[in-house]
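The values are calculated or read from the model by the stated rules, or taken from the named source; none is laboratory data. Note that the structure is predicted; figures quoted are calculated from it, not measured. In this analysis, Cβ positions are derived from the backbone assuming ideal geometry, glycine residues included, and neighbour counts consider all displayed protein chains. Please note that ligands, DNA and RNA were not included when accessible areas were found on the heavy atoms of the full protein model with its side chains. Shrake-Rupley method; radii C 1.70, N 1.55, O 1.52, S 1.80 Å.
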Amino acid sequence: MGGRTLCRVLASCAALALPARRVPEQRPLERLFYYVDAENSYNSLVKHIDQIGVLAPQVYTVDSLGIVWGSVDRRVLDLARRHGVKVMPLVVNEGFHQPSLRRLLADSVARARATRTLVGLCRDNGFWGVQFDIENVNLEDRDRLTAWYSAAAKALAAAGCKISIAVVHRPEDFAGPLGYHRFLYESWREGYDLAALAKASDLVSLMTYAQHTRRTPPGPQAGLPWMREVVDYFLRFVPPEKLSLGIPLWGEHWFTRYDNTIPERARSWSETVTWTWGVGLAERNRGALQWDSTQAVTWGYFENGGTFEWLFLEDARSFRAKLALAREKRLRGFSAWVLGPEGERIWDVLRAGARR
(Lines give C-alpha, C1' and ligand atoms only; values in the text may rest on other atoms or scores of the structure.)
Protein backbone atom coordinates (compact mmCIF):
# COMPACT_ATOMS: atom_id res chain seq x y z
CA MET A 1 0.00 0.00 0.00
CA GLY A 2 1.42 3.41 -0.96
CA GLY A 3 2.15 6.03 1.65
CA ARG A 4 -0.56 8.41 0.45
CA THR A 5 -3.14 5.62 0.35
CA LEU A 6 -2.21 4.55 3.88
CA CYS A 7 -2.59 8.12 5.12
CA ARG A 8 -6.05 8.40 3.58
CA VAL A 9 -7.11 5.11 5.18
CA LEU A 10 -5.80 6.14 8.59
CA ALA A 11 -7.51 9.53 8.31
CA SER A 12 -10.81 7.85 7.43
CA CYS A 13 -10.52 5.50 10.40
CA ALA A 14 -9.74 8.41 12.71
CA ALA A 15 -12.79 10.29 11.44
CA LEU A 16 -14.99 7.26 12.08
CA ALA A 17 -13.63 7.02 15.61
CA LEU A 18 -14.57 10.61 16.43
CA PRO A 19 -17.94 11.12 18.13
CA ALA A 20 -20.60 12.61 15.88
CA ARG A 21 -21.05 16.37 16.27
CA ARG A 22 -24.24 17.08 18.14
CA VAL A 23 -26.66 19.42 16.45
CA PRO A 24 -28.17 21.81 19.02
CA GLU A 25 -31.74 20.79 19.69
CA GLN A 26 -34.23 23.50 18.86
CA ARG A 27 -36.20 24.71 21.84
CA PRO A 28 -39.97 24.22 21.73
CA LEU A 29 -41.92 27.08 20.18
CA GLU A 30 -43.46 29.46 22.69
CA ARG A 31 -47.23 29.28 22.25
CA LEU A 32 -48.91 32.66 22.66
CA PHE A 33 -52.65 32.78 22.05
CA TYR A 34 -54.72 35.95 21.96
CA TYR A 35 -58.04 36.04 23.77
CA VAL A 36 -61.09 38.31 23.49
CA ASP A 37 -64.08 38.64 25.79
CA ALA A 38 -66.45 36.45 23.77
CA GLU A 39 -68.16 33.14 24.34
CA ASN A 40 -66.32 31.16 21.67
CA SER A 41 -62.97 32.51 22.86
CA TYR A 42 -63.73 31.58 26.46
CA ASN A 43 -64.96 28.10 25.53
CA SER A 44 -61.82 27.43 23.48
CA LEU A 45 -59.63 28.62 26.35
CA VAL A 46 -61.32 26.32 28.86
CA LYS A 47 -61.05 23.35 26.51
CA HIS A 48 -57.44 23.87 25.44
CA ILE A 49 -55.75 25.67 28.32
CA ASP A 50 -53.10 22.94 28.64
CA GLN A 51 -51.90 23.62 25.07
CA ILE A 52 -51.23 27.32 25.77
CA GLY A 53 -48.01 28.83 27.10
CA VAL A 54 -48.83 32.55 27.13
CA LEU A 55 -52.34 33.98 27.17
CA ALA A 56 -52.72 37.52 25.80
CA PRO A 57 -56.21 38.92 26.53
CA GLN A 58 -57.11 42.03 24.55
CA VAL A 59 -58.67 43.91 27.48
CA TYR A 60 -57.00 47.26 28.17
CA THR A 61 -57.48 50.51 26.23
CA VAL A 62 -55.50 53.75 26.43
CA ASP A 63 -56.88 57.11 25.30
CA SER A 64 -55.30 60.42 24.29
CA LEU A 65 -54.94 61.49 27.94
CA GLY A 66 -53.07 58.34 28.90
CA ILE A 67 -56.04 56.96 30.82
CA VAL A 68 -56.00 53.15 30.77
CA TRP A 69 -59.14 51.16 31.49
CA GLY A 70 -60.32 47.58 31.27
CA SER A 71 -60.10 44.35 33.26
CA VAL A 72 -59.30 40.67 32.84
CA ASP A 73 -62.09 38.19 33.54
CA ARG A 74 -61.35 36.69 36.99
CA ARG A 75 -62.31 33.24 35.71
CA VAL A 76 -59.66 33.58 33.01
CA LEU A 77 -56.98 34.64 35.49
CA ASP A 78 -57.84 31.81 37.88
CA LEU A 79 -57.80 29.26 35.06
CA ALA A 80 -54.42 30.48 33.81
CA ARG A 81 -52.87 30.36 37.28
CA ARG A 82 -54.15 26.86 38.01
CA HIS A 83 -52.58 25.60 34.78
CA GLY A 84 -49.33 27.58 34.96
CA VAL A 85 -50.12 29.73 31.92
CA LYS A 86 -48.42 33.14 31.74
CA VAL A 87 -50.77 36.10 31.28
CA MET A 88 -49.71 39.08 29.15
CA PRO A 89 -52.69 41.42 28.53
CA LEU A 90 -52.78 43.80 25.59
CA VAL A 91 -53.11 47.55 25.80
CA VAL A 92 -54.70 48.98 22.64
CA ASN A 93 -54.90 52.61 21.55
CA GLU A 94 -58.56 53.62 21.52
CA GLY A 95 -60.21 52.65 18.24
CA PHE A 96 -56.80 52.67 16.50
CA HIS A 97 -57.72 56.34 16.03
CA GLN A 98 -54.65 58.10 14.68
CA PRO A 99 -55.41 61.70 15.78
CA SER A 100 -56.02 60.52 19.37
CA LEU A 101 -52.83 58.48 19.32
CA ARG A 102 -50.86 61.47 18.04
CA ARG A 103 -52.13 63.54 20.98
CA LEU A 104 -51.10 60.80 23.42
CA LEU A 105 -47.63 60.37 21.95
CA ALA A 106 -47.02 64.14 21.89
CA ASP A 107 -47.97 64.51 25.58
CA SER A 108 -45.20 63.33 27.92
CA VAL A 109 -47.49 63.67 30.95
CA ALA A 110 -50.14 61.45 29.33
CA ARG A 111 -47.52 58.85 28.36
CA ALA A 112 -46.18 58.77 31.90
CA ARG A 113 -49.73 58.42 33.25
CA ALA A 114 -50.37 55.41 31.01
CA THR A 115 -47.05 53.82 31.99
CA ARG A 116 -47.73 54.17 35.72
CA THR A 117 -51.11 52.52 35.30
CA LEU A 118 -49.71 49.63 33.27
CA VAL A 119 -46.97 49.01 35.81
CA GLY A 120 -49.53 49.00 38.62
CA LEU A 121 -51.85 46.63 36.77
CA CYS A 122 -49.03 44.24 35.96
CA ARG A 123 -47.62 44.23 39.50
CA ASP A 124 -50.92 44.08 41.37
CA ASN A 125 -52.45 41.33 39.21
CA GLY A 126 -49.35 39.18 38.92
CA PHE A 127 -49.25 39.41 35.14
CA TRP A 128 -46.19 38.01 33.38
CA GLY A 129 -46.07 41.22 31.37
CA VAL A 130 -47.90 43.62 29.06
CA GLN A 131 -48.10 43.71 25.26
CA PHE A 132 -48.47 47.02 23.43
CA ASP A 133 -50.93 46.75 20.53
CA ILE A 134 -50.51 50.29 19.24
CA GLU A 135 -51.63 50.56 15.63
CA ASN A 136 -52.32 53.17 12.94
CA VAL A 137 -49.10 54.95 13.89
CA ASN A 138 -48.20 57.81 11.56
CA LEU A 139 -44.59 57.75 10.39
CA GLU A 140 -44.07 61.21 11.92
CA ASP A 141 -44.81 59.71 15.37
CA ARG A 142 -42.16 57.00 15.06
CA ASP A 143 -39.67 58.49 17.54
CA ARG A 144 -42.37 59.39 20.05
CA LEU A 145 -43.70 55.82 20.07
CA THR A 146 -40.17 54.49 20.56
CA ALA A 147 -39.57 56.89 23.46
CA TRP A 148 -42.81 55.89 25.21
CA TYR A 149 -42.24 52.20 24.69
CA SER A 150 -38.62 52.33 25.87
CA ALA A 151 -39.60 54.22 29.03
CA ALA A 152 -42.42 51.75 29.69
CA ALA A 153 -39.99 48.83 29.20
CA LYS A 154 -37.68 50.17 31.91
CA ALA A 155 -40.55 50.83 34.31
CA LEU A 156 -42.10 47.40 33.77
CA ALA A 157 -38.75 45.67 34.13
CA ALA A 158 -38.18 47.45 37.45
CA ALA A 159 -41.51 45.99 38.60
CA GLY A 160 -40.50 42.48 37.50
CA CYS A 161 -42.73 42.48 34.41
CA LYS A 162 -41.97 41.65 30.78
CA ILE A 163 -42.90 43.82 27.81
CA SER A 164 -43.75 42.98 24.22
CA ILE A 165 -45.19 44.72 21.22
CA ALA A 166 -47.36 43.59 18.31
CA VAL A 167 -46.03 45.03 15.06
CA VAL A 168 -47.81 45.27 11.71
CA HIS A 169 -46.36 43.22 8.83
CA ARG A 170 -43.84 44.71 6.41
CA PRO A 171 -41.88 42.97 3.63
CA GLU A 172 -39.43 45.69 2.51
CA ASP A 173 -37.87 49.08 3.20
CA PHE A 174 -39.94 50.98 0.66
CA ALA A 175 -43.64 51.70 0.33
CA GLY A 176 -44.43 49.32 -2.53
CA PRO A 177 -46.07 49.49 -5.97
CA LEU A 178 -49.62 50.70 -5.20
CA GLY A 179 -51.33 53.61 -3.52
CA TYR A 180 -52.68 51.08 -1.05
CA HIS A 181 -49.11 50.21 -0.08
CA ARG A 182 -48.32 53.89 0.29
CA PHE A 183 -51.23 54.12 2.78
CA LEU A 184 -49.86 51.14 4.72
CA TYR A 185 -46.37 52.64 4.73
CA GLU A 186 -47.48 56.02 6.07
CA SER A 187 -49.85 54.89 8.80
CA TRP A 188 -49.26 51.22 9.55
CA ARG A 189 -45.62 50.31 8.88
CA GLU A 190 -43.05 53.10 8.98
CA GLY A 191 -44.18 54.24 12.43
CA TYR A 192 -42.30 51.32 14.01
CA ASP A 193 -38.56 51.60 14.59
CA LEU A 194 -38.04 47.85 14.50
CA ALA A 195 -34.46 47.76 15.78
CA ALA A 196 -35.15 50.12 18.70
CA LEU A 197 -38.39 48.39 19.66
CA ALA A 198 -36.71 44.98 19.51
CA LYS A 199 -33.89 46.19 21.77
CA ALA A 200 -36.40 47.32 24.41
CA SER A 201 -38.62 44.22 24.08
CA ASP A 202 -38.64 40.81 25.67
CA LEU A 203 -40.52 39.61 22.60
CA VAL A 204 -41.99 41.01 19.40
CA SER A 205 -45.21 39.55 17.99
CA LEU A 206 -45.11 39.95 14.22
CA MET A 207 -48.60 40.35 12.78
CA THR A 208 -47.98 38.11 9.77
CA TYR A 209 -51.65 38.13 8.90
CA ALA A 210 -54.18 40.48 7.30
CA GLN A 211 -52.30 40.13 4.01
CA HIS A 212 -55.74 40.55 2.43
CA THR A 213 -58.59 42.40 4.15
CA ARG A 214 -61.92 44.05 3.37
CA ARG A 215 -59.86 46.80 1.65
CA THR A 216 -58.31 44.40 -0.87
CA PRO A 217 -59.36 41.83 -3.45
CA PRO A 218 -59.95 38.31 -2.08
CA GLY A 219 -56.87 36.42 -0.98
CA PRO A 220 -55.29 34.49 1.89
CA GLN A 221 -54.94 36.00 5.35
CA ALA A 222 -51.34 34.84 5.39
CA GLY A 223 -49.99 33.23 2.22
CA LEU A 224 -46.85 31.26 3.02
CA PRO A 225 -44.49 32.96 0.47
CA TRP A 226 -45.59 36.39 1.73
CA MET A 227 -45.11 35.33 5.36
CA ARG A 228 -41.60 34.14 4.59
CA GLU A 229 -40.78 37.47 2.92
CA VAL A 230 -42.07 39.43 5.94
CA VAL A 231 -40.18 37.24 8.43
CA ASP A 232 -36.94 37.59 6.48
CA TYR A 233 -37.34 41.37 6.52
CA PHE A 234 -37.99 41.48 10.27
CA LEU A 235 -35.01 39.27 11.03
CA ARG A 236 -32.80 42.08 9.77
CA PHE A 237 -33.83 44.04 12.88
CA VAL A 238 -35.20 41.56 15.44
CA PRO A 239 -33.18 38.61 16.82
CA PRO A 240 -34.96 35.30 16.11
CA GLU A 241 -35.07 34.47 19.83
CA LYS A 242 -37.28 37.54 20.33
CA LEU A 243 -39.51 37.14 17.26
CA SER A 244 -42.92 35.45 17.49
CA LEU A 245 -44.68 34.53 14.24
CA GLY A 246 -48.25 35.77 13.92
CA ILE A 247 -50.64 33.00 12.87
CA PRO A 248 -54.28 33.68 11.92
CA LEU A 249 -56.93 31.28 13.20
CA TRP A 250 -59.91 32.82 11.43
CA GLY A 251 -61.25 32.67 7.90
CA GLU A 252 -62.44 35.44 5.58
CA HIS A 253 -65.54 35.62 3.40
CA TRP A 254 -65.68 38.17 0.53
CA PHE A 255 -69.03 39.27 -0.86
CA THR A 256 -70.93 42.24 -2.29
CA ARG A 257 -72.28 44.49 0.45
CA TYR A 258 -75.11 46.98 -0.01
CA ASP A 259 -74.04 50.43 1.20
CA ASN A 260 -76.32 53.42 0.77
CA THR A 261 -73.66 55.84 2.07
CA ILE A 262 -71.75 55.86 -1.24
CA PRO A 263 -72.95 56.76 -4.76
CA GLU A 264 -72.31 53.23 -6.05
CA ARG A 265 -74.71 51.88 -3.38
CA ALA A 266 -72.64 48.70 -3.04
CA ARG A 267 -69.05 47.62 -2.53
CA SER A 268 -66.88 44.56 -2.32
CA TRP A 269 -66.48 43.63 1.35
CA SER A 270 -65.30 40.88 3.64
CA GLU A 271 -66.10 39.53 7.08
CA THR A 272 -64.32 37.12 9.39
CA VAL A 273 -65.73 33.61 9.75
CA THR A 274 -64.97 30.62 11.92
CA TRP A 275 -63.70 27.45 10.28
CA THR A 276 -67.06 25.76 10.92
CA TRP A 277 -69.12 28.62 9.49
CA GLY A 278 -66.85 29.05 6.47
CA VAL A 279 -67.15 25.36 5.58
CA GLY A 280 -70.91 25.65 6.08
CA LEU A 281 -71.14 28.60 3.69
CA ALA A 282 -69.38 26.57 1.01
CA GLU A 283 -71.59 23.52 1.60
CA ARG A 284 -74.92 25.32 1.50
CA ASN A 285 -73.96 27.14 -1.72
CA ARG A 286 -72.42 24.04 -3.33
CA GLY A 287 -68.99 25.64 -3.39
CA ALA A 288 -66.02 23.28 -3.59
CA LEU A 289 -63.14 24.03 -1.24
CA GLN A 290 -59.62 23.21 -2.36
CA TRP A 291 -56.12 23.27 -0.92
CA ASP A 292 -53.48 25.61 -2.33
CA SER A 293 -50.15 24.03 -1.40
CA THR A 294 -48.13 27.08 -2.49
CA GLN A 295 -50.03 29.58 -0.35
CA ALA A 296 -50.85 26.95 2.32
CA VAL A 297 -54.52 27.90 2.49
CA THR A 298 -57.92 26.31 1.87
CA TRP A 299 -60.04 28.40 -0.47
CA GLY A 300 -63.07 28.31 -2.72
CA TYR A 301 -65.80 30.35 -4.33
CA PHE A 302 -69.49 30.00 -5.10
CA GLU A 303 -72.23 31.84 -6.94
CA ASN A 304 -74.90 33.71 -5.02
CA GLY A 305 -77.55 35.33 -7.22
CA GLY A 306 -75.13 35.52 -10.12
CA THR A 307 -72.36 37.14 -8.06
CA PHE A 308 -69.31 35.20 -6.96
CA GLU A 309 -68.35 35.09 -3.28
CA TRP A 310 -64.97 33.90 -2.05
CA LEU A 311 -63.67 32.04 1.01
CA PHE A 312 -60.11 31.76 2.32
CA LEU A 313 -59.97 29.55 5.39
CA GLU A 314 -57.23 28.60 7.84
CA ASP A 315 -57.16 24.95 8.88
CA ALA A 316 -54.87 22.31 10.39
CA ARG A 317 -52.76 22.06 7.24
CA SER A 318 -52.17 25.80 7.03
CA PHE A 319 -51.42 25.90 10.76
CA ARG A 320 -48.88 23.09 10.38
CA ALA A 321 -47.17 24.91 7.49
CA LYS A 322 -46.82 28.09 9.54
CA LEU A 323 -45.38 26.21 12.51
CA ALA A 324 -42.83 24.70 10.13
CA LEU A 325 -41.83 28.21 9.01
CA ALA A 326 -41.33 29.30 12.62
CA ARG A 327 -39.15 26.25 13.28
CA GLU A 328 -37.19 26.71 10.06
CA LYS A 329 -36.33 30.29 10.99
CA ARG A 330 -35.64 29.23 14.61
CA LEU A 331 -38.05 31.83 15.95
CA ARG A 332 -39.05 32.22 19.57
CA GLY A 333 -42.56 30.93 18.90
CA PHE A 334 -45.89 32.00 17.51
CA SER A 335 -48.64 34.47 18.40
CA ALA A 336 -52.03 33.14 17.26
CA TRP A 337 -54.98 35.48 16.71
CA VAL A 338 -57.45 34.53 18.13
CA LEU A 339 -58.95 31.80 20.33
CA GLY A 340 -62.48 30.92 19.19
CA PRO A 341 -62.79 30.67 15.39
CA GLU A 342 -60.09 28.02 14.88
CA GLY A 343 -60.64 24.59 13.39
CA GLU A 344 -60.54 21.98 16.14
CA ARG A 345 -57.83 19.96 14.43
CA ILE A 346 -55.14 22.58 15.01
CA TRP A 347 -54.97 21.31 18.57
CA ASP A 348 -54.13 17.84 17.25
CA VAL A 349 -51.24 19.45 15.37
CA LEU A 350 -49.97 21.03 18.57
CA ARG A 351 -50.29 17.80 20.53
CA ALA A 352 -48.36 15.95 17.84
CA GLY A 353 -45.69 18.65 17.90
CA ALA A 354 -45.29 18.34 21.66
CA ARG A 355 -44.43 14.66 21.21
CA ARG A 356 -41.65 15.36 18.72
Kirkwood calc, segment 212-281, C-alpha pairs only, radius in angstrom 14.6
List every DSSP H helix in the chain whose Cα atoms extend 20 Å or more along the helix's own long axis and whose mean Kyte-Doolittle hydropathy is at least 0.5. 3-17
Across all directions of projection, what mean area in square nanometres is found for the Cα convex hull of segment 167-225? 4.6
Along each principal axis, Cα extent of the chain, largest first, Å: 93, 58, 46
With a 1.4 Å probe and all protein chains left in place, how much of the accessible area of the chain comes from carbon and sulfur atoms, in whole percent? 52
Would you please put 343-351, 286-294 in order of how densely packed they are, using the mean number of other Cβ atoms within 10 angstrom per residue and starting with the highest? 343-351, 286-294
Which value in deg cm²/dmol, rounded to the nearest 500, describes the helix-derived mean residue ellipticity at 222 nm for the chain, given -39,500 (n - 2.57) per DSSP H run of n ≥ 4 and division by the residue count? -11500 deg cm²/dmol
When we measure straight from the Cα of LYS242, which lysines land under 28 angstrom away, once same-chain ones fewer than 8 places off are left out? LYS86, LYS154, LYS162, LYS199, LYS322, LYS329
Farthest positive-ward along the chain dipole, Cα basis, beta-carbon charges - from TYR185, GLY219, ALA112: ALA112
Give the dimensionless ratio obtained when the Cα radius of gyration of segment 72-151 is divided by 2.2 N^0.38 Å. 1.25
To the nearest Å², the heavy-atom accessible area per residue of the chain with 1.4 Å probe amounts to 49
From the C-alpha gyration tensor of segment 25-95, pull out the three semi-axes of the equivalent ellipsoid (sqrt of 5λ each), sorted largest to smallest, in whole Å. 24, 15, 10
Rg/Rg_globular for segment 146-282, with Rg_globular taken as 2.2 N^0.38 Å and Rg from C-alpha atoms: 1.26
Find the eigenvalues of the gyration tensor of the Cα atoms of segment 226-356, then list the square roots of 5 times those eigenvalues as equivalent ellipsoid semi-axes, largest first, in whole angstrom. 32, 19, 12
So, in nm, how far is label ALA175 from label ALA106 when the simple model puts each one 7 Å beyond its Cα toward the Cβ? 2.3
Write down the percent of antiparallel bridges among all DSSP beta bridges whose residues are both part of the chain, to the nearest 5. 40
When the C-alpha atoms of segment 246-296 are aligned to their principal axes, what extent does each axis show, in angstrom, from largest down? 40, 31, 20
Binned Cα-Cα distance frequencies in segment 47-186 - 10 Å width, integer %: 11, 39, 30, 16, 3, 0
Please compute the Kirkwood hydrodynamic radius over segment 54-105, one decimal place, Å, based on all pairs of different Cα atoms. 12.1
Label 7 Å along Cα→Cβ of GLU283; segment 328-350 residues with amide nitrogen under 19 Å? 341-346
Probe 1.4 Å, all chains present, heavy atoms only: SER150 accessible area in Å², nearest 10, is 40
